[in-house]
Structure formats: structure tokens, C-alpha cells
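Comments concern the structure below.
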Amino acid sequence: AYGSGGLGVAIAMLAIVLLANNTIQNLIEPFAFGSRLHLHPLAVLLTVTTATMLFGVMGAILAAPLTSAAVNGYQQLRTREAGVRGASGS
């Protein structure tokens, strides 16, 4: 853009690219990951952001799947615990 339109066009294109990339990362991806991993989109956004700040790129990649695994494991343990209590209480 800088070579064909000058500095103003290059700055405008940079702003558009940054806005589009930011929108995709902060709005669309949490909804897509959240629906597929059965997590709330806000939970996905917060865990990915936090893991990225703490662990960098690897944290960003692993945050949503590990959170989903932890939540699903916790739910299975609670379901199993409730089944054991129900069976022993009869």
C-alpha cells in the first residue's frame, strides 16, 4: 500500500488489518471455540488471554483445550460422585 498509494494509504491499511485481526481474535474465535468445546465464550477469551500473557504462544494454543478438558473432567467426577451417593443411599 505504501508503494502504490503513499503513507496515508499504508496507515489506513494497517489500521484496517489490525482492526480485522483484533475482531476475529477477540469476538469470533471465542464463540467458535466455546461452542465446539462446550465453554462460555467469555471463559475462552479470558483463559486464552491469561495463558498468552503467562506462557506466550504455547499458552495461547493450549489454553482452550486444557480448560475444556479440566471442566469436563470436573463435571464427570461430580456426576460419578452423585451416582455413588445415590446408590449408597438406597
Legend entry - Qualifying helices (runs of 4 or more DSSP H) (wholly inside region 1-66; at least 1 residues being open to solvent by 100 Å² or more (accessible area, probe 1.4 Å) and modelled with pLDDT under 85): 2-5, 7-23, 29-37
Inset, instruction - Answer yes if at least one residue in region 56-79 is closer than 16 Å to I24 by Cα and of a type in the set (S, T, Y), and no otherwise. - result: no
Legend entry - Positions within region 70-90 being open to solvent by less than 60 Å² (accessible area, probe 1.4 Å) and either of a type in the set (K, R) or in contact with a helix residue (DSSP H, G or I) (Cβ under 9 Å, 6 or more places away or on another chain) (or both), in sequence order: V71, N72
Legend entry - Pair list, Cβ < 6 Å and 6+ apart or interchain, from region 25-47 residues that are more than 12 Å from P65 (Cα to Cα) to residues that are surrounded by fewer than 16 Cβ atoms within 10 Å (Cβ to Cβ) and not small (G, A, S): P41/F31
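The values are calculated or read from the model by the stated rules, or taken from the named source; none is laboratory data. Model, not experiment: these values are computed from the prediction. Positions of Cβ are generated from backbone atoms using ideal geometry, with glycine treated the same way; all protein chains shown enter the neighbour counts. Surface accessibility is based on the protein's heavy atoms, side chains included, excluding ligands, DNA and RNA. Shrake-Rupley method; radii C 1.70, N 1.55, O 1.52, S 1.80 Å.
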